[in-house]
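No lab work stands behind these numbers, since they all come straight from the coordinates. Here the structure is a predicted model, which is why all the values come from computation and not from measurement. With ideal geometry, Cβ positions are generated from the backbone for all residues, glycine too; neighbour counts draw on all protein chains shown.
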Amino acid sequence: MCGIIGYAGGESDDTVLERLLHGLSNLEYRGYDSAGIAVANAPLAVEKRQGELSELERALTDGGTDSDDWIGSDAVDGFDGPTGIGHTRWSTHGPPSDVNAHPHTSPNGSVAVVHNGIIENYCELREELSAAGYEFRSDTDTEVVPHLIDQERSAGVDRFAAFRAAIDRLEGSYAIAAVFPGCETIYVARHESPLVLGLGEDGNFLASDVPAFIEYTNQVVYLDDGEFAAVSPSSVTVSDESGAVVEKSIETIDWDPEDAGKSGYDHYMRKEITEQPRAIRDCLRGRIEELGGTVSLPELEGLESPSSVQFVACGTSYHAGLFGERLLQRRGIPAQTFVASEYDADELPVDEETLVVGVTQSGETADTMRALRGANRAGATTLALTNVVASSAARECDHVLYIRAGPEISVAATKSFASQQVTLSLLATALADTADPSSSASREHLRELRRLPDHIQSVLDDSNARSVAEAFLESDAYFFIGRGYNAPVALEGALKLKEITYRHAEGFPAGELKHGPLALVTEATPVFAIVSGREKTSATIGNVTEVQARGAPVVAVTDSPETVGSHADYVLEVPETHPAVMPIVANVQLQLVAYWLADALDRPIDKPRNLAKSVTVL
Ligand code: F6R
């Protein structure tokens, strides 16, 4: 996710610049591909650069090379205004570049804006503003905002009213901050993207996340959706959509600045597990038309209906591929998943009617890239399903679908897996519609996808995974079983547990147990059974009784505790939902079991031994 920092300090010296740059460096942990700042000098002073923060700092100290001729300041000395905003960007619209970096400005420099989130109606707004004579320099959705504000200002509207009027036109999610030339107040707005204000002794802050300013103040005010704020050096005023002032409570943050990047959690993995509801909301945003039961993925425009689909992927992404394969097969589309390192397009039935989907969080995994390049050479249509804009997979495939999970820092994939599963659910529905126009997408499935963030939140709020994990600290091995849609999650549950706890774990389609692995099952090997109350229930319960007969303790992960509970020693409950949505929620329970077990064993959870976040060697 992008990071925002703002500081209203009032002094005309280097303090603003220094605090903005410090705030940006505190936000680096979130991941970013470019960074920029705007200081409210008159004219505005703006600098922004693709790449590391050091590139931005170099541009500032070298006097900058920005081609925007209204940017009057050409040295750090020009950045001494009373107030400023900064941004680290993680691309969502348009590749990383100087021009696409924030802040974005109106052509005449009347306002500079930073934004986190996704503006869903930016295409319509862009068209409207272009017709009104506004020129767009970037590929971003954000650039509509300064133009909208400028339009109001040109009509004589005051700064805050112009800002409000512009925000009123936006659909989607945003945390937005704007500065105006020579004005010491920063205007901000929030809707479904975090924004927190920091009340300091020598000025006030705003940020997407507390770490940005934690060294300067621990007194914070969290903005709620629909709220606006005017942040000046001496005051902070919060108002609602109607303009009425809102009294907010001030909270005291007691995190150590060192741990602040993890928002108070001990590990990035735990933080990322808890971010899943937000990640899924972002993934779904603007992509489901529930009433008509349809999915809208403009990224797939021009994609011919494939005769078959092949998924290529590694590790956790491979498990997502297995889930996607099941979704497509149930819709009558032939689909198969390959471990990318085993994929050889020359030895497989691959032609121009084959769609090869590379599922890859990083978009850089060497095995997946090799498989995709082979598929390209064999004439297949290729699609990258990835988290990283302009990654190798995104650039080299014919089509790209972003999963919008935001940066994942922990080596173990968590939120990216959930976002991959959701994106694959959308893809399957979209392809089924294309393959057979008479088949209408399952409304219930789409409705339950919409409810998925709430389902996951309820698991996060009430999970007993910690006590279950602690009950099995000394086990010999851990087995995971599931059928149908739940089988890939059984594999993923085992992978997560083994990579961060260093304990032996295996996952199987439930029916496979009796064909060999059952020989390993003893009273010292807990079996985690993922059981849907609506599908293949009795068959999986049959497998559960097989392991119970060998003395193994059973942990049922289920949305039907009344049916399954009597067959289990422990239950990890999930809300009742569609069978193709249930495994996404069940997996959260398994992530938590792995996490708490690793925590109890004092493992280096975010950086397990021998593993890397992005595997760029074959
Ligand atoms: C496990 C994990 C790995 C990755 C695999 C593929 O937690 O993170 O198994 O899933 O290395 O990486 P991507 O998805 O970046 O291609």
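For a test of the definition: using alpha carbon positions, the gyration tensor, and the 1.5 limit on a/c, classify segment 157-300 as rounded, prolate or oblate. Display every interim value, and only then the final one.
Details: a/c = 2.36, a/b = 1.18, b/c = 2.00.
Oblate.
With label points built 7 Å along Cα→Cβ from the Cα atoms of GLU512 and ALA42, find their separation and express it in nm.
7.1 nm
Using a/c under 1.5 as the rounded threshold, could you call the chain rounded, prolate or oblate? The axes a ≥ b ≥ c are square roots of the C-alpha gyration tensor eigenvalues, and prolate needs a/b larger than b/c, oblate otherwise. Don't skip to the answer; put the middle values down first.
Values: a/c = 2.05, a/b = 1.62, b/c = 1.26.
Since a/c reaches 1.5 and a/b is larger than b/c, the shape of the chain is classed as prolate.
Assuming 0.36 nm per residue, please report the length gained on full extension of the stretch GLN457 to GLU120 beyond their Cα-Cα distance. Could you put the intermediate results ahead of the total?
Values: separation 337, 0.36 × 337 = 121.32 nm, distance 2.42 nm.
This chain segment gains 118.9 nm when fully extended.
Between the DSSP loop rule and a limit of at most 10 other Cβ atoms within 10 Å, which trypsin sites (Lys or Arg not before Pro) in segment 530-614 are left?
Numbers: sites: ARG534, LYS536, ARG550, ARG609, LYS613; in loops: ARG534, LYS536, ARG550, ARG609, LYS613.
Sites meeting the loop and neighbour criteria: ARG609.
Is any residue of segment 272-315 close enough, with backbone N under 18 Å, to a label point placed 7 angstrom from the Cα of ARG447 along the Cα-Cβ axis, and if so, which?
Residues 288-295 fall inside that zone.
For a Förster distance of 25 Å, can you work out the FRET efficiency between the beta-carbons of VAL339 and GLU304, rounded to the nearest 0.05? Provide the component values of the computation, followed by the final result.
Values: r = 27 Å, r/R0 = 1.07.
So the FRET efficiency works out to roughly 0.40.
Would you mind putting 177-190, 145-158 in packing order, based on average other-beta-carbon counts within 10 Å, highest first?
On the way: 177-190: 24.4, 145-158: 19.2.
Top of the packing list down: 177-190, 145-158.
Total Lys pairs in the chain closer than 21 Å by alpha-carbon, pairs eight or more apart in sequence or interchain only?
19
Treat the count of other C-beta atoms within 10 Å as a stand-in for reagent exposure and order MET369, MET269 from fewest to most. Please report the intermediate quantities before stating the final value.
On the way: MET369 23, MET269 29.
The fewest-first ordering by Cβ neighbours comes to MET369, MET269.
Can you list the HN-Hα couplings for segment 589-598, worked out from phi with the Karplus curve (6.51, -1.76, 1.60; θ = phi - 60°), rounded to whole Hz and with x for Gly and Pro?
4, 6, 4, 5, 4, 4, 4, 5, 5, 4
Once you sort the root eigenvalues of the Cα gyration tensor of segment 453-550 as a ≥ b ≥ c, which label holds: rounded (a/c under 1.5), prolate (a/b larger than b/c) or oblate (the other case)?
Details: a/c = 1.68, a/b = 1.11, b/c = 1.51.
Oblate, because a/c is 1.5 or more while a/b does not exceed b/c.
Considering only TYR7, GLN151, GLY117, whose Cα is most displaced toward the positive end of the charge dipole of the chain, charges sitting on Cβ of Lys, Arg (+1) and Asp, Glu (-1)?
My answer, from the dipole projection, is GLY117.
So if each residue of separation counts as 0.36 nm, and I subtract the Cα-Cα distance between ASP476 and ASP139, what length gain in nm does that give? Mind showing how you got there, number by number?
Details: separation 337, 0.36 × 337 = 121.32 nm, distance 5.37 nm.
Extra length from ASP476 to ASP139 when fully extended: 115.9 nm.
Towards the positive end of the charge dipole of the chain, with charges on Cβ (+1 Lys, Arg; -1 Asp, Glu), say which of VAL411, THR140, ALA40 has the farthest Cα.
My answer, from the dipole projection, is VAL411.
How far, in nm, would the chain grow between ARG466 and ASN610 when pulled straight, counting 0.36 nm per residue and subtracting the alpha carbon separation?
On the way: separation 144, 0.36 × 144 = 51.84 nm, distance 2.58 nm.
In short, 49.3 nm is gained.
Taking R0 as 30 Å, what FRET efficiency do you get between VAL245 and GLU171 from their Cβ-Cβ distance, rounded to the nearest 0.05? Mind showing how you got there, number by number?
Details: r = 26 Å, r/R0 = 0.86.
The value I calculate is 0.70.
Nearest 20 debye, what's the magnitude of the dipole of the chain about its Cα centre given +1 on Lys and Arg Cβ and -1 on Asp and Glu Cβ?
Values: 47 positive and 95 negative charges, 390 e Å.
That gives a dipole near 1880 debye.
For labels at THR522 and ARG395 in the simple 7 Å Cα→Cβ model, what's the distance in nm?
About 5.3 nm, to one decimal.
With the crude spin-label approximation of a point 7 Å out along Cα→Cβ, what separation in nm comes out for SER235 versus GLU192?
3.3 nm
Evaluate the charge dipole of segment 244-360 about its Cα centre and quote only its size in Debye, nearest 20, assuming +1 on the Cβ of each Lys and Arg and -1 on the Cβ of each Asp and Glu. Intermediate results must be reported in sequence, preceding the final value.
On the way: 11 positive and 23 negative charges, 117 e Å.
With Lys and Arg at +1 and Asp and Glu at -1, about 560 debye.
How big is the dipole moment of segment 352-462 about its Cα centre under a simple scheme where the beta carbon of each Lys and Arg is +1, that of each Asp and Glu is -1, and everything else is neutral? Debye, nearest 20, please.
Numbers: 10 positive and 14 negative charges, 42 e Å.
Dipole of segment 352-462, to the nearest 20 debye: 200 debye.
Given the options ALA519, THR217, VAL400, identify the residue whose Cα lies farthest towards the positive end of the charge dipole of the chain (+1 on Cβ of Lys, Arg; -1 on Cβ of Asp, Glu).
Farthest towards the positive end: ALA519.
Cut-off is 10 Å between beta-carbons; in what order do THR15, THR354, THR105 appear when sorted fewest neighbours first?
Details: THR15 17, THR354 21, THR105 24.
By the 10 Å Cβ count, ascending, the order reads THR15, THR354, THR105.
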